[in-house]
Amino acid sequence: MIWLNIVIQGALVGGFYALFACGLSLMFGVLKVINLAHGDMAVVAGYAAVFLAPRLHLPELWSFLVVVPVFALVGYVVQRTLIQKSIDRDPFTTLLVTFGLSVVIENLLLEVYSANGQTVNIGSLIGRSWHPASIIYVSYVSLGVLAAAVLVLLALQLFLSKSGLGRMIRAVADDQEAAQLSGANYRHIFGIAAAIAFATVALAGIAYGMMTQFAPTSGGVNLLFAFEVVVIGGIGSLWGTLVGGIALGIAQQFGAHINLSYQILAGNILFLLVLAVRPQGLFGRKNAVS
Amino acid sequence: MSLLQLEGVSKKFGQVVVGEAITFQLMQGDAVGIVGPNGAGKTSLFGMISGDISPDSGVISFEGENVARLSPAKRARAGIGRTYQVPRPFEHMTVFENALVAAQQGARARGHKSYDIAFGALERTGLGPLANRPAGSLTLLHRKRLELARALSTSPRVLLLDEIAGGLTDLEVNELTTIIRSLRADGIAVLWIEHVVRALLSTVDRLICLASGVVVADGEPKEVLASDAVRFVYLGGKRIDEDAS
């Protein structure tokens with residue numbers, strides 16, 4: 001029963017990891033940009049839910065209805081201006097720019113909202129859970145986040161494989177110059193991909209705030225987890241991201257069961273094992289690594 | 001009115017001249033071959049026409065409009081189709097999706113019409129039976145055909161073919177030239193860089209010879225090949241050595 005609980009709790013956390021990592025995976029897969037500000041943007045979404053949504057007389061639980069579209073818009077604009085400019089200069093510039101962005105965001109948040117921990121207030125829902133067996137408690141919030149992750153990944157998968165715009169995104173991800181020759185304005189497509197990535201990171205940031213406390217500096221450690229998820233699952237595979245997230249969650253719960261201080265260590269060990277045994281990730285294509 | 005017209009198009013990469021006052025024009029339905037030694041600036045010329053490379057100076061007009069400052073995507077939509085020397089399919093998509101992207105973006109077609117255009121281009125290039133194969137699994141001949149099919153799906157008025165016969169067997173070259181001749185019969189102008197001169201001669205009725213970015217001959221294929229300037233470029237002395245280095 002203990003082991004079953006570890007797997008269940010790990011899978012629940014893993015849902016959040018997958019939701020959080022899919023934007024990172026998309027940015028890297030399509031734009032070839034490693035967004036070092038990814039974690040901080042999630043934190044910004046959390047603050048937006050806590051401080052801005054109440055001004056719109058919106059319960060914090062439903063704040064994502066406003067924050068997610070706004071983030072999508074911001075994503076498009078940031079891509080077409082700041083990130084595109086740095087892509088045009090040279091790929092390494094994007095690393096510097098997103099790192100700079102990360103530092104700026106963190107310090108602005110510290111300046112404005114202080115280092116105090118915040119949570120997205122969802123009322124009594126936070127304490128409720130489903131209790132199927134003696135020691136197993138399934139938190140409704142975590143279950144909701146896992147469901148959201150599966151839905152988002154399913155929607156993304158369908159969008160990319162079936163829709164015309166999704167097909168364009170895949171074409172641009174494969175070869176942007178050839179896509180241009182086929183008449184595609186790749187900058188616009190990049191903008192749309194970034195908008196989707198920003199939207200998912202906003203959702204993840206708000207989900208994080210519902211599950212636990214966050215502070216301006218929470219972005220960094222979560223970014224590390226997101227990288228691990230993408231590598232474990234395999235770059236460019238959305239289902240890989242889900243499985244990677246769940247695998248990382250279970251590994252962490254397993255480590256925590258042995259000794260609470262082993263939680264992050266166990267995740268890192270899984271990450272290193274995958275890198276050593278299957279560097280393309282569980283669902284990755286072999287040539288994606290080269 | 002000419003379909004495509006270049007006037008004094010020049011480009012330098014540092015000290016390397018890839019285009020020096022290139023001037024020529026192409027009428028609707030023309031088929032023109034481009035020959036010249038390696039490094040003569042042939043592919044760069046295509047880059048300047050399709051928009052990958054922006055020329056330092058000169059005018060490139062397509063259907064009477066100067067397109068020299070337009071993005072590659074806009075030029076593709078306007079009707080300039082191009083194939084790459086080394087095929088660059090979208091490897092993780094099917095053959096059909098490759099053509100469909102071009103039909104929807106390049107030809108601005110929607111729904112069923114885009115499917116018709118894409119499938120028509122695949123049929124035309126003999127890729128119909130392979131439509132659902134992943135493009136990354138294709139052989140060289142099929143990749144070259146896919147390059148052609150993708151360019152065709154943008155509904156071009158002029159096709160820029162970059163060594164599409166290179167690396168193929170005689171039989172395969174014959175199949176490709178048959179396709180290209182049929183496209184020309186439909187009124188698509190063809191500008192074709194090729195080292196396989198026999199393939200060129202079977203299809204084009206005009207030849208341009210480039211050397212070090214300069215048009216050294218332009219005219220009847222047989223006359224161009226026999227001209228002193230071209231013989232000098234290919235056979236004679238110093239100039240070739242400079243290009244090779």
Other-chain or far-sequence residues with amide H under 5 Å of A:F283's (modelled H)
A:G234
Considering amide H positions built from the backbone, and no H for Pro or chain starts, which residues 5 or more places from B:V32, or on another chain, come under 5 Å of its amide H?
B:V190, B:L191, B:W192
Rounded, prolate or oblate (a/c below 1.5 giving rounded, otherwise prolate when a/b exceeds b/c) for the range B:65-144 by Cα gyration tensor:
oblate
Charge-dipole axis of the protein assembly as shown as Lys and Arg at +1 and Asp and Glu at -1 on Cβ define it, positive-most pick from A:Y186, A:G75, A:I246
A:I246
Here the Kirkwood hydrodynamic radius of the protein assembly as shown, Cα-based and in Å, equals 25.9
Whole Å is fine, so just give me how far the alpha carbon centre of the range B:114-181 lies from that of the range A:205-260.
45
3J(HN,Hα) from dihedral phi, the range B:75-86, Karplus parametrisation 6.51/-1.76/1.60, rounded to Hz, x for glycine, proline
5, 4, 5, 5, x, 9, x, 9, 10, 8, 4, 9
Partner shielding of A:167-178, as the mean number of partner chain Cβ atoms within 10 Å, equals 6
Given H placed on each backbone N at 1.01 Å, which residues far from B:L210 in sequence or on other chains put an amide H within less than 5 Å of it?
B:V35, B:G36, B:V216
With bins 10 Å wide starting at 0, give me the P(r) of chain B over every alpha carbon pair, in whole percents.
8, 32, 36, 20, 4, 0
Net charge dipole size for the range B:89-155 [Lys, Arg +1 and Asp, Glu -1 on Cβ; Debye, nearest 20]
120
Quick one: net charge around B:R88, please, counting Lys, Arg +1 and Asp, Glu -1 for every other residue with C-beta under 15 Å from its C-beta.
-3
Summarise the partner chain shielding of B:98-105 as one whole number: the mean count of Cβ atoms from other chains within 10 Å of each residue's Cβ.
6
Could you derive backbone 3J(HN,Hα) for the range A:71-86 from the dihedral phi with the Karplus parameters 6.51, -1.76 and 1.60 (θ = phi - 60°), listing whole Hz in sequence and x where the residue is Gly or Pro?
4, 4, 4, 4, x, 4, 5, 4, 5, 5, 9, 5, 6, 4, 4, 6
Calculate the mean, over all residues of peptide B:62-74, of how many other protein chain Cβ atoms lie within 10 angstrom of the residue's Cβ.
2
With a ≥ b ≥ c from the Cα gyration tensor eigenvalues, square-rooted, and the rule rounded for a/c under 1.5, otherwise prolate when a/b > b/c and oblate otherwise, the range B:96-195 is oblate
Ranked list, fewest to most other Cβ atoms within 10 Å of each Cβ, for B:H195, A:H57, A:H38:
A:H57, B:H195, A:H38
Mind listing the phi-derived Karplus ³J(HN,Hα) values for the range B:13-21, rounded to whole Hz, using 6.51, -1.76 and 1.60 with θ = phi - 60°, and x for any glycine or proline?
9, x, 8, 8, 8, 9, x, 10, 6
Lysines whose Cα lies under 22 Å from that of B:K144, excluding same-chain neighbours fewer than 8 positions away
B:K42
What's the long-distance tail for chain A, i.e. % of Cα pairs beyond 26 Å?
43
Neighbouring Cβ atoms within 10 Å as the yardstick, rank A:V229, A:V13 fewest first.
A:V13, A:V229
Note the angle between two axes, namely the Cα long axis of helix B:95-105 and the longest principal axis of the Cα atoms of chain B, as a number of degrees from 0 to 90, rounded to the nearest 10.
80
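Each value in this text was obtained by applying a stated rule to the coordinates, not by laboratory testing. This structure is a prediction, so every number in the text was calculated from the model and none was measured. Every residue, glycine as well, gets a Cβ built from its backbone with ideal geometry; the counts of neighbours run over all protein chains shown.
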